[in-house]
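Okay, structure first, notes after.
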Amino acid sequence: MRGYLKNSALIFIVAFNLRLGISSVPPVMNQIKASLAISNVQASLLPSIPVFCMGLFAFGIGRVQQIFGRRQSIFLLLLILGLATLSRMLFSGYIGLVSTAFIIGFSVAIIGPLVSGFIKEEFPNHAGLLIGVYSLAMGLGSVVASGMVPQMTSWFEGEWANALGIWGVLAVVIAVLWLVFSPKEKQDETIQTVTAVKFPLANLQAWKMVAFFALQSGMFYSILTWIAEFFRNTVVLSNHSVFLLTAFTTVQMTCSFLIPALMDRTGNPKFWIYLCSVAMLSGAFFLSISNLSAAMLAVCFFAIGTGGYFPIAMLLPLTYTKTPSEASVWTGMIQAFGYMIGGQVPVLLGWLIDTSGNYHMLFYMIVANSILLAIIGRNILKKQKI
């Protein structure tokens, strides 16, 4: 039991760090745009580049795990993540922010699939619950970052770069805790199996999982990037944008734990996929109504939908694979292509907003993605007979 709780805590603290460098940006997007004189498209790259890199560099998961092993890799990458985030306090120009966004994306790209392999190895019979813990921790990180960055900017007398960079201290501390308390992995798992497992490029099911992951990722990061700006440009909601963004991330965090935990008990993921799609479409409806009550309902429904989609997308490769290394490599491929595709959606949305001058493009994207996710999710589960 002690080992179970220790490993659960390690998953929690590592996952907590994985969204801080991304979620801390949108609450101060206005200050960044004004300070650096950049467009909506340029600003949208700051949270989108890490997402794209989380896909691009996930292709290296097998090689990194083979050379360093899972335990050492997570330690080194947490250090890199922490130092890159801290450097934003020194390199606060647009090039500096873009460069650190690449490094943050690289670190998260490898850590995420390695943690999935860790869950598969240490909790083979409770994967849903631990994916819930993983998702809850990332959601909590997003809530804390998005909620505290505006206040921290005030503490730093308007220096938003310091408010973005200070989160790096936490990653460095957690890297040390991981090294001290994480269990040693099996030798055959670190070398023999990892060498044998390749990306399942010829497997149609894997590509359907890529499509599902890409759509849910693109939708989540589009909402995270643009929902506050949407509300700021709605007269009756302009003073409530940060509150609504914080409400979204808070409810999303809770649902990202509850939905996979309940799915573990019911054994019916198809129902939860449909529920998430209905929630997203309901949120889109309330988003079209310009008052605070409707906006609050909209962000809560969006939080339920995105809070469920992500852990479902994470669980799909775990249910389809047999070994921890295979789970890591499948997750690596799905996140590689999924994040690369999904990371372009907020940028495309920024371009559409700049071109049309209409923030309601967010509404149309949510409706389209929600319908597609229901169709693709049903098809995946039908093939897996789940």
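For this structure, a couple of remarks:
- Convex hull per residue volume in Å³, alpha carbons only, for segment 13-171: 101 Å³
- Hydrodynamic radius by Kirkwood, which averages 1/r over all alpha carbon pairs of segment 125-261, in angstrom: 18.5 Å
- Estimated dipole of the chain in Debye, rounded to 20 [Cβ of Lys and Arg +1, of Asp and Glu -1, Cα centre]: 900 debye
- For segment 194-249, the mean projected area of the C-alpha convex hull, equal to one quarter of the hull surface, is 5.8 nm².
- Measuring r between the beta carbons of residue 9 and residue 367 and using R0 = 45 Å, the FRET efficiency lands at 0.70.
- The simple Förster model, with R0 at 41 Å and r as the Cβ-Cβ distance, assigns residue 289 and residue 157 a FRET efficiency of 0.60.
- Pairwise alpha-carbon distances in segment 225-299 exceed 16 Å for 54% of all pairs.
- Using distinct alpha-carbon pairs, which all enter the 1/r mean, Kirkwood radius of segment 246-358 in Å: 15.8 Å
- Dipole axis of the chain (+1 Lys, Arg; -1 Asp, Glu on Cβ), positive-most option in 34, 101, 380: 380
- Shape descriptor for segment 31-100: Rg over Rh equals 1.08 (Cα atoms; Rh from the Kirkwood inverse mean 1/r).
- Lysine pair count for the chain (Cα-Cα distance under 14 Å; residues 8 or more apart in sequence or on different chains): 9.
- Highest average packing first - 35-41, 332-338, Cβ atoms within 10 Å: 332-338, 35-41
- Solvent exposure, largest accessible area first (probe 1.4 Å, DNA, RNA and ligands not counted), of 353, 80: 80, 353
- Inter-probe distance in nm under a simple model that places probes 7 Å from Cα toward Cβ, at residue 271 and residue 91: 5.0 nm
- Taking the square roots of 5 times each eigenvalue of the Cα gyration tensor of segment 10-67, largest first, gives ellipsoid semi-axes of 29, 16, 6 Å.
- Cα-centre dipole for segment 228-386 with unit charges at Cβ (Lys and Arg positive, Asp and Glu negative), debye to 20: 580 debye
- Taking a ≥ b ≥ c as the square roots of the eigenvalues of the Cα gyration tensor, segment 272-318 is prolate, since a/c reaches 1.5 or more and a/b is larger than b/c.
- 3J(HN,Hα) along segment 360-376: 6, 4, 4, 4, 5, 5, 5, 4, 4, 5, 5, 5, 5, 5, 5, 5, 5 Hz, from the Karplus curve 6.51 cos²θ - 1.76 cosθ + 1.60 with θ = phi - 60°, whole Hz, x for Gly and Pro.
- In terms of the mean number of neighbouring beta-carbon atoms within 10 Å, the peptides 343-350, 165-172, 284-291, 265-272 order highest first as 343-350, 165-172, 284-291, 265-272.
- Share of pairwise Cα separations in the chain, more than 36 Å, in percent: 17 percent
- Backbone geometry of segment 244-259 corresponds, through the Karplus equation with coefficients 6.51, -1.76 and 1.60 at θ = phi - 60°, to 3J(HN,Hα) couplings of 5, 5, 5, 4, 4, 5, 5, 5, 4, 4, 5, 5, 5, 8, 5, 5 Hz, x marking Gly and Pro.
- Per-selection Rg to Rh, segment 306-386 - Cα, Kirkwood hydrodynamic radius: 1.07
- Integer Hz, Karplus 6.51/-1.76/1.60 couplings in order for segment 295-301, x for Gly and Pro: 5, 5, 4, 4, 5, 5, 5
The values are calculated or read from the model by the stated rules, or taken from the named source; none is laboratory data. This is a predicted model, so every value here is computed, not measured. When we count neighbours, we look across all protein chains shown, and the Cβ atoms used for this are built from the backbone with ideal geometry, even at glycine. Remember, those area values only see protein heavy atoms, side chains included, never the ligands or the DNA or RNA. Shrake-Rupley method; radii C 1.70, N 1.55, O 1.52, S 1.80 Å.
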